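Okay, structure first, notes after.
The values are calculated or read from the model by the stated rules, or taken from the named source; none is laboratory data. Computed from a predicted model, the values in this text were never measured in an experiment. For neighbour counting, all protein chains shown are included, and Cβ atoms are generated from backbone atoms with ideal geometry for every residue, glycine included. Note: areas computed on protein heavy atoms with side chains; ligands, DNA, RNA excluded. Shrake-Rupley method; radii C 1.70, N 1.55, O 1.52, S 1.80 Å.
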Amino acid sequence: MLTRNSLCLLLWILFDGGLLTPLQPQPQQTLATQSKENVIHLPERQPHFQRVKRGWVWNQFFVLEEYMGSEPQYVGKLHSDLDKGEGTVKYTLSGDGAGTVFTIDETTGDIHAIRSLDREEKPFYTLRAQAVDIETRKPLEPESEFIIKVQDINDNEPKFLDGPYVASVPEMSPVGAYVLQVKATDADDPTYGNSARVVYSILQGQPYFSIDPKTGVIKTALPNMDREVKEQYQVLIQAKDMGGQLGGLAGTTIVNITLTDVNDNPPRFPKSIFHLKVPESSPIGSAIGRIRAVDPDFGKNAEIEYNIVPGDGGNLFDIVTDEDTQEGIIKLKKPLDFETKKAYTFKVEASNLHLDHRFHSAGPFKDTATVKISVLDVDEPPVFSKPLYTMEVYEDTPVGTIIGAVTAQDLDVGSSAVRYFMDWKSDGDSYFTIDGTEGTIATNELLDRESTAQYNFSIIASKVSNPLLTSKVNILINVLDVNEFPPEISVPYETAVCENAKPGQIIQTVSAADRDLSPAGQQFSFRLPPEAAIKPNFTVHDFRNNTAGIETRRNGYSRRQQELYFLPVVIEDSSYPVQSSTSTMTIRVCRCDSDGTILSCNVEAIFLPVGLSTGALIAILLCIVILLAIVVLYVALRRQRKKDTLMTSKEDIRDNVIHYDDEGGGEEDTQAFDIGALRNPKVIEENKIRRDIKPDSLCFPRHRPHAEDNIDIRDFIHQRLQENDADPAAPPYDSLATYAYEGNGSVAESLSSIDSLTTEADQDYDYLTDWGPRFKVLADMFGEEESHSPDNVT
């Protein structure tokens, strides 16, 4: 290495005139650029530009990777021509790996690698070198950059980064069919030697597949590989560097190759005849059996379609494919009957849905098998002769009349008797009955078409030998109409005729309605009764289309003479027996204009002058209404004024002071009378019932009358008391009432107690104790007097 560096230094002196440059050739443009940039100013001389020579050399060094020697690996040497060997120059190193990977001798400039390097980890290192004066510590040369490259060795084997691989190829492919391309990667330097040159080969998988040694493309090596024979293949691929030479490193991967299916096999039945047994009671659409053809293909290539070949009994059955199992499901299209036919034979064809034209030459892709079906006898319910029975009966048919019959038979080999009965869930079971043995249907009640025109119910038939086996049929009975209602005129029953009507004029068209169910073509006829046909004012014109017109027979009509006309009309129907009715139409005479438009049909208009118009009538009526309103208002005002006068008079009477010489019961006496009646005069008028409380009857001192001639006085007082009690305007009971009549011829001569013959001793004051606590003091006073009287002394 040192000799090489010395040779480079010599060449540089020869070509560059002493300027230090790298020993390896550099582009001329770079050299020219450096010569222009390295210009310095020398002090203590006249200023001028001078080219300065650089005094040390560096190289693009190389170092081997994976060096395992005991000594550090020598890389190269740095030298400056300013270094005279006197030890005054110091070399420094900086940059990638300086001090950790690479070291430099500060005196000699030798560079060493102190650890093993891996090119795949870092292919080169960029460092900077500089020569420095030891004494002044100043750089003798500008800092320069150089590169140390790691030289590659074959230390990495090829690797399949995408392995293991999965691939597929259709079965029956020709030789050379493309399968897959694999690729191995070598981490060594592809620009140096053959370390990264890879060659492919097959270690396992021959003779089925081959691989291109340079591109890694895998292809088929055998023709007509059948998936049904072998479906999966595992191929081992090797990639070796150094061009496959001895000593090269190798890597392997696995490729799993699957043969995909193609439709190269037709379906085949495992046997030629299939036997099935089916009960005759199987319902339509039910599955009665399954058959299967085998197809070794897979997926859609194994989808099979089954078809029944036209032949014996094929129209009674159908076959469909089960998509999950690819079986043929045989279904029943029509009912089976053991008594009619006991066995059926037909053929079924199985074929593929998706055909491959490449294999048509191998033969038809379908197969045929025979299916034999045996019908099993089943005990079945009776069968009616019709699916629906329709009967007719006239309304009002007598009870018990037979209107029809149903028939059911047991078609099994051992025929059994049949019994009939009504279905209790149906609607007509109460109107009809059925004979359990004969199946005849009779009426059970009188039928009315106008109430129910149709009956729908069910009849059940069961076998005597097995009552649980039943069948049902619907019965539809139409009730026929009997002409029992006469026709009637449809509304309106009233019409009008103009006073100026002409003879022969149709004033109204009438039609008829019949509550009976009219058969097709029934006609109604209209006419006048015989008694009304003599000199009629109106007549009936039959239009022969179930309508008639009311026709005038006079030249004009007068409301003053007759306002209403009553026209009887006879209507007959065409049914049997013939029914007829007489309807009376009311014809009102009205005033019309010249065009026949009715102006008025009111009764009041008859008595008005002929020339009076409608506006004049309205004006007269309005005046009458106004006059009546004025009279009513006047009367109401008079009544109100009279009422106010009476009220004022009563209020004046109540405003006078009325003195009653009676103190009543004191402050606690609140039940004596209603003081509000004295303050509000309306109370007396409105409340006619007395509101005060009648005091309890008082027990006055008993005394004996001296004569019996005071009966008229007692009657007078009693009469006045009744009058006051019945008078709602009388003062309260605790008010003083004065009576001026004392009677005539009284033996007492005077009512005063002064001349009374009775003494104080005759008075009994015990009644004072019955008057309550307010009279307790008075009762005690008189009671003490009685106790001290001489009569009480014993």
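Based on what the data block shows, is R137 open to solvent by 60 Å² or more (accessible area, probe 1.4 Å) and on the phi > 0 side of the Ramachandran plot? Against the criterion (open to solvent by 60 Å² or more (accessible area, probe 1.4 Å) and on the phi > 0 side of the Ramachandran plot), R137 qualifies.
Residues considered: P190, P213. Of these, the only one that is in a loop (DSSP other than H, G, I, E, B), without any contact (Cβ under 8 Å) to a residue 12 or more places away in the chain and under 21 Å from G247 (Cβ atoms) is P190. Scanning segment 360-379 for residues that are modelled with pLDDT under 90 and of a type in the set (G, A, S) gives S361, A362, G363.
For every residue, the table says whether it meets (1) assigned to a loop (DSSP other than H, G, I, E, B); (2) within 21 Å of Q206 (Cβ to Cβ); (3) among the small types (G, A, S).
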position: P223; (1), (2), (3): yes, yes, no
position: N263; (1), (2), (3): yes, no, no
position: P270; (1), (2), (3): yes, no, no
position: G285; (1), (2), (3): yes, no, yes
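The set of residues from segment 116-175 being polar (S, T, N, Q) and more than 60 Å from the chain's Cα centre (by Cα) comprises S116, T126, Q130, T136, S144, Q151, N154, N156. Quick check: anything in segment 438-455 under 50 Å from the mean Cα position of the chain (by Cα), surrounded by fewer than 12 Cβ atoms within 10 Å (Cβ to Cβ) and in a strand (DSSP E or B)? Yes. With respect to (1) without any contact (Cβ under 8 Å) to a residue 60 or more places away in the chain; (2) within 24 Å of I507 (Cα to Cα), the lone exception for V625 is condition (2). Taking the condition assigned to a loop (DSSP other than H, G, I, E, B) and over 30 Å from D423 (Cβ atoms), does P467 pass? No, not satisfied. Condition (residue is open to solvent by 30 Å² or more (accessible area, probe 1.4 Å), at pLDDT 90 or above and either of a type in the set (F, W, Y) or more than 54 Å from the chain's Cα centre (by Cα) (or both)) applied to segment 520-529: is it met by at least one residue? Yes, because at least one residue in segment 520-529 is open to solvent by 30 Å² or more (accessible area, probe 1.4 Å), at pLDDT 90 or above and either of a type in the set (F, W, Y) or more than 54 Å from the chain's Cα centre (by Cα) (or both). Only one entry of P266, P279 meets the criterion of being under 30 Å from E323 (Cα atoms) and touching a Ser or Thr at 6+ places or on another chain (Cβ under 9 Å), and that entry is P266. Going through (1) open to solvent by 80 Å² or more (accessible area, probe 1.4 Å); (2) modelled with pLDDT of 90 or more one by one, P190 falls short only on (2).
Would you check if D241 is acidic (D, E), under 21 Å from G163 (Cα atoms) and open to solvent by less than 60 Å² (accessible area, probe 1.4 Å)? Yes; evaluated as a whole, the condition is true for this residue. Inside segment 216-230, residues that are surrounded by 13 or more Cβ atoms within 10 Å (Cβ to Cβ) and touching a residue at least 40 places away in the same chain (Cβ under 8 Å) make up a count of 9. When P492 is tested against (1) open to solvent by 40 Å² or more (accessible area, probe 1.4 Å); (2) within 25 Å of S558 (Cα to Cα); (3) modelled with pLDDT of 85 or more, just one condition goes unmet, and that condition is (3).
Residues considered: V383, V418, V393. Of these, the only one that is surrounded by 15 or more Cβ atoms within 10 Å (Cβ to Cβ), closer than 16 Å to Y455 by Cα and touching a strand residue (DSSP E or B) at 6+ places or on another chain (Cβ under 8 Å) is V393. A count restricted to segment 299-355 and to residues that are more than 21 Å from K271 (Cα to Cα), open to solvent by 30 Å² or more (accessible area, probe 1.4 Å), more than 42 Å from the chain's Cα centre (by Cα) and not hydrophobic (A, V, I, L, M, F, W, C) stands at 8.
Do the conditions hold for R560, that is, is it touching a residue at least 40 places away in the same chain (Cβ under 8 Å) and surrounded by 13 or more Cβ atoms within 10 Å (Cβ to Cβ)?
Numbers: touching a residue at least 40 places away in the same chain (Cβ under 8 Å): yes; surrounded by 13 or more Cβ atoms within 10 Å (Cβ to Cβ): no.
Against the criterion (touching a residue at least 40 places away in the same chain (Cβ under 8 Å) and surrounded by 13 or more Cβ atoms within 10 Å (Cβ to Cβ)), R560 does not qualify.
Which of the residues belonging to segment 528-553 are touching a Pro at 6+ places or on another chain (Cβ under 7 Å), in a loop (DSSP other than H, G, I, E, B) and among the aliphatic types (A, V, I, L, M)? Within segment 528-553, L528 is the sole residue that qualifies. When segment 398-415 is examined, which residues are found to be of a type outside the set (V, I, T), more than 21 Å from S281 (Cβ to Cβ), open to solvent by 40 Å² or more (accessible area, probe 1.4 Å) and assigned to a strand (DSSP E or B)? Listed by number, the list holds a single entry, A405. Within segment 441-469, the set of residues being over 22 Å from G400 (Cβ atoms), at pLDDT 90 or above and of a type outside the set (A, V, I, L, M) comprises just one member, S462. Filtering segment 366-397 to residues that are assigned to a loop (DSSP other than H, G, I, E, B), under 52 Å from the mean Cα position of the chain (by Cα) and more than 29 Å from S465 (Cα to Cα) leaves only E395.
As an exercise: evaluate M172 against (1) farther than 30 Å from G251 by Cβ; (2) in contact with a Leu (Cβ under 9 Å, 6 or more places away or on another chain); (3) open to solvent by less than 60 Å² (accessible area, probe 1.4 Å); (4) assigned to a strand (DSSP E or B) and give the number of the one condition it does not meet. Failed condition: (4).
Can you go through G243, G251, G247 and tell me which one is modelled with pLDDT under 90 and not in a loop (DSSP other than H, G, I, E, B)? Testing whether each residue is modelled with pLDDT under 90 and not in a loop (DSSP other than H, G, I, E, B) leaves just G243. Selection over segment 103-121 of residues that are farther than 18 Å from D81 by Cα, modelled with pLDDT of 85 or more and not aliphatic (A, V, I, L, M) gives a count of 2.
Can you pull out the residues in segment 586-600 that are over 11 Å from A501 (Cβ atoms), open to solvent by less than 40 Å² (accessible area, probe 1.4 Å) and either part of a loop (DSSP other than H, G, I, E, B) or in contact (Cβ under 8 Å) with a residue 24 or more places away in the chain (or both)? Of everything in segment 586-600, just one residue is over 11 Å from A501 (Cβ atoms), open to solvent by less than 40 Å² (accessible area, probe 1.4 Å) and either part of a loop (DSSP other than H, G, I, E, B) or in contact (Cβ under 8 Å) with a residue 24 or more places away in the chain (or both), namely T586.
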